[in-house]
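The values are calculated or read from the model by the stated rules, or taken from the named source; none is laboratory data. Note that this is a predicted model, so its numbers are computed, not measured. Here the Cβ positions follow ideal geometry from the backbone for every residue, glycine too, while neighbour counts run over all protein chains shown. Side chains are part of the model used for accessible areas, which takes the heavy atoms of the whole protein and leaves out ligands, DNA and RNA. Shrake-Rupley method; radii C 1.70, N 1.55, O 1.52, S 1.80 Å.
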Amino acid sequence: MKKMLSLAAMFAVLSYAAPASAELKIGGEAAIRARGEFNANSQTDDLKYQYRIRLNTSADLGEGYFFKAMMQNEDVASGWTTVSTTTTLNDEKYNIEVSNFYFGRNLKDCSYSIGRLPLNSFNNPIFDLAAYAIPQITATSTIYAVDIPFTTYNFDRLFGANYSRKIGDGTFNGALYVTDNGSTTNSDVNGDGLLNDGYGLHLSYKATVGDVTVEPQALLSLTDINNTVAPQTFGLNATIPSGKSKIGVSAFYTICDDSDANVDYNGYLVRLKGESGNAMAWVDYNATSDDANKVDYDNLFVWAQYKFKMHESATGTFSLTPTVRYRASGLDGTGAAAVSTATGLKDNSQLRAELYATVTF
């Protein structure tokens with residue numbers, strides 16, 4: 001906490017620097033939540049109390065040049081720290097780190113930026129499917145393509161460069177990402193190469209057709225990610241207005257085939273989302289066929305929330321948001337017995353009931 005206050009004080013001093021300096025703006029959010037978590041295949045049902053703070057900074061450098069950054073704790077998934085379970089009361093530590101930062105320039109018809117770029121993967125599941133079409137098992141959890149895994153476990157950012165331009169009635173956006181430094185040798189025999197680290201290309205075009213906003217996208221692996229897989233993912237997001245409400249539809253497909261690495265899978269994810277006033281809900285369905293290991297995975301996920309705005313002013317807000325998150329996951333196929341025995345994935349479901357209290361400033 002002392003570290004966090006020191007950072008805030010530093011930014012406050014900088015924001016009142018000499019007139020020739022850029023104006024530094026500071027904002028952010030602080031949140032606490034109570035989470036009830038219930039798991040079908042274990043006795044780890046639990047009620048947790050967690051908290052998180054995010055600091056956002058931005059600077060207008062003049063003539064369209066800008067700098068932005070966000071800081072939060074990244075010691076745990078999504079930055080949510082849980083009240084300690086040790087015998088020493090409340091001994092958990094809360095570190096503030098630079099989560100993303102980027103700088104660039106906004107021009108009349110285009111913009112560009114470079115750095116650790118935010119992705120908005122909470123509202124765009126193309127990153128979730130590309131990274132987690134096959135569930136990943138860690139020491140503490142299993143990560144599926146549903147329930148916003150890229151936001152939770154990858155902190156919703158990648159290092160790279162982004163370019164955006166107005167074309168016709170819409171906006172084209174292209175971003176080149178460096179996902180990893182997995183290739184540390186330059187061997188012709190293994191095909192490593194100096195430029196064979198992890199590189200990805202994200203292309204999208206957002207336009208309005210009538211009242212409907214559509215955004216076709218492609219997330220392409222230019223090289224193997226972590227020297228392992230190179231998935232190619234395609235699809236679109238669409239938003240349909242309906243009075244004061246709106247309906248969102250997302251559909252994405254991914255494929256990855258590498259006979260040398262014994263990787264051969266394909267999968268899809270579809271989302272139906274509704275927003276009306278302070279209410280928001282969506283349903284995801286993901287299915288992946290792992291042909292190399294003869295296993296089929298399927299996931300159904302529901303997110304529903306309602307935000308009660310307790311206070312709103314020009315300087316900040318305070319809200320309470322009850323949320324329900326439910327995931328039903330399973331697998332099938334000739335290889336499923338070995339996989340489920342080793343990981344407990346078969347018929348694996350989870351229910352989370354949460355209450356968020358959030359202040360923005």
Completion exercise
For the pair residue 76 and residue 349, the simple spin-label estimate (label points 7 Å beyond Cα toward Cβ) gives in nm 2.7
Exercise for the section: Determine how large the accessible area of residue 117 is when every protein chain is in place; take a 1.4 Å probe and give Å² rounded to the nearest 10. Expected result: 10
Practice task
At 0.36 nm per residue, minus the direct Cα-Cα distance, what do residue 306 and residue 166 gain on full extension? Give it in nm, one decimal, please.
Solution key: 46.9 nm
Practice task
May I ask for the net charge around residue 107, where only other residues with Cβ less than 11 Å from the Cβ of residue 107 are counted and Lys, Arg are +1 while Asp, Glu are -1?
Solution key: +2
Exercise for the section: Quote the relative contact order of segment 209-324 in percent (integer), defining contacts as alpha-carbon pairs under 8 Å separated by 6+ residues. Expected result: 15
Practice task
May I ask for the Rg/Rh ratio of segment 213-297, computed from Cα atoms with Rh as the Kirkwood radius, given to two decimals?
Solution key: 1.12
Practice task
For residue 244 paired with residue 122, estimate the spin-label separation in nm (one decimal), with each label point 7 Å from Cα along the Cα-to-Cβ line.
Solution key: 2.3
Exercise for the section: Using only the alpha-carbon atoms of segment 208-259, report the extent along each of the three principal axes, biggest first, to the nearest angstrom. Expected result: 50, 16, 15
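Would you mind working out the accessible area per residue for the chain, using a 1.4 Å probe, and quoting it in Å²?
Per residue, the chain has an accessible area of 53 Å².
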Practice task
Compute the normalised compactness of segment 281-353: alpha-carbon radius of gyration over 2.2 N^0.38 Å, N being the residue count.
Solution key: 1.66
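Can you give me the Kirkwood hydrodynamic radius for segment 242-281, using every pair of distinct Cα atoms, in Å to one decimal? Walk me through the numbers on the way to the answer.
On the way: mean 1/r = 0.0783 Å⁻¹.
It is 12.8 Å.
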Fill in the blank from the handout: Ratio for the chain, C-alpha Rg to 2.2 N^0.38 Å, reads 1.06
Practice task
Any chance you could look up the accessible area of residue 169 with a 1.4 Å probe, heavy atoms only, rounded to 10 Å²?
Solution key: 150
Problem - Rg and Dmax [Cα atoms of segment 91-208; Å; Rg one decimal, Dmax integer] - result: 17.3, 56
Exercise for the section: Return the sequence-ordered ³J(HN,Hα) values of segment 72-84 in whole Hz as given by the Karplus equation 6.51 cos²θ - 1.76 cosθ + 1.60 applied to θ = phi - 60°, using x for Gly and Pro. Expected result: 7, 7, 10, 6, 9, 4, 6, x, 7, 8, 9, 4, 4
Problem - Accessible surface, 1.4 Å probe, highest first, among residues 309, 273, 244 - result: 244, 309, 273
Fill in the blank from the handout: Probe 1.4 Å, all chains present, heavy atoms only: residue 202 accessible area in Å², nearest 10, is 20
Exercise for the section: Give a residue-ordered list of calculated ³J(HN,Hα) values for segment 177-182 (Karplus: 6.51 cos²θ - 1.76 cosθ + 1.60, θ = phi - 60°; whole Hz; x for Gly, Pro). Expected result: 10, 9, 8, 6, 10, x
Completion exercise
Sequence order, segment 226-235: Karplus ³J(HN,Hα) from phi using 6.51 cos²θ - 1.76 cosθ + 1.60, θ = phi - 60°, Hz rounded, Gly and Pro as x, gives 6, 6, 10, 10, 9, x, 10, 10, 9, x
Handout entry: Overall dimensions of segment 18-121 by Cα: Rg and Dmax, Å
Key = 19.1, 61
Practice task
Could you tally the net charge around residue 70, taking each other residue with its Cβ under 14 Å from the Cβ of residue 70, Lys/Arg +1 and Asp/Glu -1?
Solution key: +2
